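A quick write-up on the structure given underneath.
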Amino acid sequence: MKTQRRERLQKEKRNRVLVRLVIVLLAAALVVAVGWNVYRQIAGKVTGMMIGVEHVQEGCLEDRVRAEAVVIHQETLIPSPGRGRLENLVLEGERVRKGSRVGNFYLQNGQSTTISAPISGVVSYRPDGLEEMLAQLDIEHPRSVVFSYQSAVSEEQELSYQSGQPLLKMVNNLTPTVLVVRFPHHVLGEPLQVGQVIEEVIWDKSRLGRGKVAGLQSKDEQVVASLVLDSFCAELINQRRLEVDLIKKRYYGGLVPSQAIIEKDGHTGVFCLRQEKVFFKPAEVVVTRDEWAVVKGLDKGEYVVTTPELVHEGMVLDR
């Protein structure tokens, strides 16, 4: 009897230990499951916060070069007929016809003479001493020496003149403005060609129009080119040296961050979002410049993932 009772007690004890072990294991499994679920939710939230998304916008990228420039016009000087003073009858920048009276010159002996325009054009009272030198420049063979020329323009109009000293100049407004530009060879990208059209020339905030390359010289890591602009630029009649931006080419299309572009299964494209679900969409890359790319094949306003390394096809974002 005692033996049976002892065996029954031992069996009950083993059962209690087994039940406790099962309870502990179930509790541990529950803790692991809850922890894993919490981890997945937190990880999903963190990953969602790390995932970058941008919408596709229409725009353009430019091949832009900053260059020094020398301004050249067809300029005709009017010299002083003797020692004396000028009474100007037309304003700076005013257009006059050939033969028009532009001023009276009073000689020291008291006599006066009429100053007439030798050509039709725009009046400038600021000759700089470079007119004759630049008139000899062959724009088909531009030279960097023009950037060493020093102008002698006065900030104020002279009150008296010596014989032969330039009084004013007439700038021919019927011929287009020419710019001789210089910039480092390494910023050019593809080399310029004679006859190539620069899409736009910009000075300060002024858009000067297009320019056609009439001549080129490449020497000592510098490119010197002469550009014939579309038209006469009146705002440059009293400018000789300046800095301009040359827009060589513009590329139009959808703009996306370049980091969004990936290769997948031999195709170039981006990860897009539709109802928070990630999918791959092929796209043609037109050009990449720094942090942006122009692409074709994407719709305006479409959302693209800018951190493609954090997502995969079919992933649903918890944002």
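Determine whether the range 44-52 contains at least one residue that is of a type in the set (D, E, K, R), at negative phi and modelled with pLDDT under 90. So far as the range 44-52 goes, yes, one or more of its residues are of a type in the set (D, E, K, R), at negative phi and modelled with pLDDT under 90.
As a summary of the residue check, I202 satisfies the conditions (1) among the aliphatic types (A, V, I, L, M); (2) surrounded by fewer than 19 Cβ atoms within 10 Å (Cβ to Cβ); (3) more than 19 Å from the chain's Cα centre (by Cα) except for the one numbered (3). Only one of the listed residues (G189, G164, G253) is surrounded by fewer than 15 Cβ atoms within 10 Å (Cβ to Cβ) and either assigned to a strand (DSSP E or B) or in the same structural domain as N109 (by TED's automatic domain parsing) (or both). That residue is G164. Is it true that some residue in the range 24-33 is within 30 Å of K281 (Cα to Cα), aliphatic (A, V, I, L, M), exposed (fewer than 11 other Cβ atoms within 10 Å of the Cβ) and modelled with pLDDT under 90? No: the range 24-33 contains no residue that is within 30 Å of K281 (Cα to Cα), aliphatic (A, V, I, L, M), exposed (fewer than 11 other Cβ atoms within 10 Å of the Cβ) and modelled with pLDDT under 90. The selection criterion, being without any contact (Cβ under 8 Å) to a residue 60 or more places away in the chain and within 17 Å of V65 (Cβ to Cβ), holds for V213.
Among the conditions (1) at positive phi; (2) surrounded by 14 or more Cβ atoms within 10 Å (Cβ to Cβ), N104 misses just one, which is (1). For the range 262-283, the tally of residues that are over 29 Å from E62 (Cβ atoms) and either within 29 Å of the chain's Cα centre (by Cα) or surrounded by fewer than 16 Cβ atoms within 10 Å (Cβ to Cβ) (or both) stands at 8. So in the range 57-94, with the set limited to residues that are in contact with a Phe, Trp or Tyr (Cβ under 8 Å, 6 or more places away or on another chain) and of a type in the set (V, I, T), which one is modelled with the lowest pLDDT? Result: V65.
In the set (1) within 24 Å of the chain's Cα centre (by Cα); (2) surrounded by 14 or more Cβ atoms within 10 Å (Cβ to Cβ); (3) assigned to a strand (DSSP E or B), Q259 fails one condition alone, (3). Every condition in (1) over 29 Å from V197 (Cβ atoms); (2) under 36 Å from the mean Cα position of the chain (by Cα) holds for P166 except the one numbered (2).
The values are calculated or read from the model by the stated rules, or taken from the named source; none is laboratory data. The model shown is predicted, which means the values in this text are computed figures rather than measured ones. Please note: Cβ atoms are built from the backbone with ideal geometry, for glycine as well, and neighbour counts cover all protein chains shown.
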